[in-house]
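All remarks here apply to the structure that follows.
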Amino acid sequence: MSDTTEQDRIAICGFIARKHVLGLAVASDGDIWTASCFYAFEADAMELLLMTDPATRHGRLMTANPKVAGTIAGQPNVVGRIQGVQFSALARVLEGTEAVAGRHRYLRRFPAAVLAPSAPLWALRLQEVKMTDNLLSFGTKRLWLAGPATSAPAVS
């Protein structure tokens, strides 16, 4: 795997933008859990927006430990068509005008989410993304790493 190129970033962003469900893995104090979540992708910020109640098991664990990991993949039956990403990210609940703007973008993608008006919007600020792209050739990997300016603030 080589350093990130603009071509890798474009391919990764295009793939993430075409999907809408992620697998999320969270852990804190010896407890681990996973969840499937709908997301909206903000390519400029390299953030995945999702709605979830902080009282859910994965919400509690993200609050306690904002370092999360996940996957986004399709379900092809042919190995040569497999594409997917693995990622690490920093989770935080959006607040104020950032939450209002994010919710507007999220509701545009998932209008039914209007039925959960009290669920907060979270941003998963991507830190590392590895994409497997067998469409290019079997086992082809692309990598994107966040620079220091893209690191999210710690959740308090």
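We did not get these values from a lab; they are worked out from the coordinates using the rules stated. On a predicted model such as this, the values are computed, not experimentally measured, just so you know. Reconstructed Cβ throughout: ideal geometry from the backbone, glycine too, with neighbour counts over all protein chains shown.
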Which residue is farthest from Ala43 (Cα to Cα), if the candidates are limited to region 61-111 and must be without any contact (Cβ under 8 Å) to a residue 12 or more places away in the chain and among the β-branched types (Val, Ile, Thr)? Val78
Based on this model, can you work out whether Glu128 counts as touching a strand residue (DSSP E or B) at 6+ places or on another chain (Cβ under 7 Å) and over 17 Å from Ala17 (Cβ atoms)? yes
For residues in region 121-133 being under 14 Å from Ala40 (Cα atoms) and not aromatic (Phe, Trp, Tyr), which is surrounded by the fewest Cβ atoms within 10 Å (Cβ to Cβ)? Arg125
Could you list, in sequence order, all residues of region 22-66 that are touching a strand residue (DSSP E or B) at 6+ places or on another chain (Cβ under 6 Å) and not in a strand (DSSP E or B)? Tyr39, Met46, Arg57, His58, Leu61, Met62, Ala64, Asn65, Pro66
